[in-house]
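Quick note: the coordinates plus some simple rules give every number you see, no bench work behind them. In this text the structure is predicted, and so the values were computed from the model without any measurement. All Cβ positions, even for glycine, are placed from backbone atoms using ideal geometry, and neighbour counts span all protein chains on display.
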Amino acid sequence: NAGVTQTPKFQVLKTGQSMTLQCAQDMNHEYMSWYRQDPGMGLRLIHYSVGAGITDQGEVPNGYNVSRSTTEDFPLRLLSAAPSQTSVYFCASSYSYPSGSYEQYFGPGTRLTVT
Amino acid sequence: EDKVVQSPLSLVVHEGDTVTLNCSYEVTNFRSLLWYKQEKKAPTFLFMLTSSGIEKKSGRLSSILDKKELFSILNITATQTGDSAIYLCAVGGSNYKLTFGKGTLLTVNP
């Protein structure tokens, strides 16, 4: 099993550009989520999905879109990049709701810089 | 809104010291509290504490949950330089989301 994979590992964007961060898992997990991590801020939830076709907003959803057409994939789209979106982005998955009894597995992260 | 507060935000100790990291929380319909260790990459899972499991231990690490006072502590005994990391606390409630604290940066000097 590859676990949770993310691409790219690093990305530099200019303000106003759009891009998609890819996330995939091969563990047949229903629950997937996207977090951003800024220095001294811990992890903040952007969007999450409880299954294919179902997504919902987290704590900081503005400027980001998600979709979940398959169980395996959960891409995060930046619509019009802004310097405030410079951050490290983590994708995570778990068998079911991570707040229950199920451990959440994290991908390796994508470091995004917006100039 | 769910809230998680970790303290201290940073801590510097010498190898062999014992450290205690704190996590207090406010959450609607508490389901679980999780501790993660983060080195220069993705967080890795340490412990999950729930109503049915309020104390966990693994080697030199241990954690307890006080559901009455709404806090948890993570203890690390006989610290080693490899324990240097950010330790994250997260809490899950009825909204099926995890809320993370800002983390404690632990530095263990030789």
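Here are a few things to note about the model shown:
- Taking label points 7 Å from Cα along the Cα-to-Cβ direction, A:Gln17 and A:Ser96 give a separation of 4.2 nm.
- Qualifying lysines (Cα of each under 20 Å from Cα of B:Lys3; at least 8 residues distant if same chain): B:Lys37, B:Lys67, B:Lys68, B:Lys97, B:Lys102
- Top of A:Pro61, A:Pro39, A:Pro75 by mean-square fluctuation, Gaussian network on chain A, Cα under 10 Å: A:Pro39
- Modelled label positions at A:Glu59 and A:Phe10, each set 7 Å beyond Cα in the direction of Cβ, lie 2.8 nm from each other.
- Using R0 = 35 Å, the C-beta based FRET efficiency linking B:Arg60 and A:Asp38 works out to 0.70.
- Label separation (A:Ala52 vs B:Leu70): 4.1 nm, computed from points 7 Å beyond Cα along the C-beta direction.
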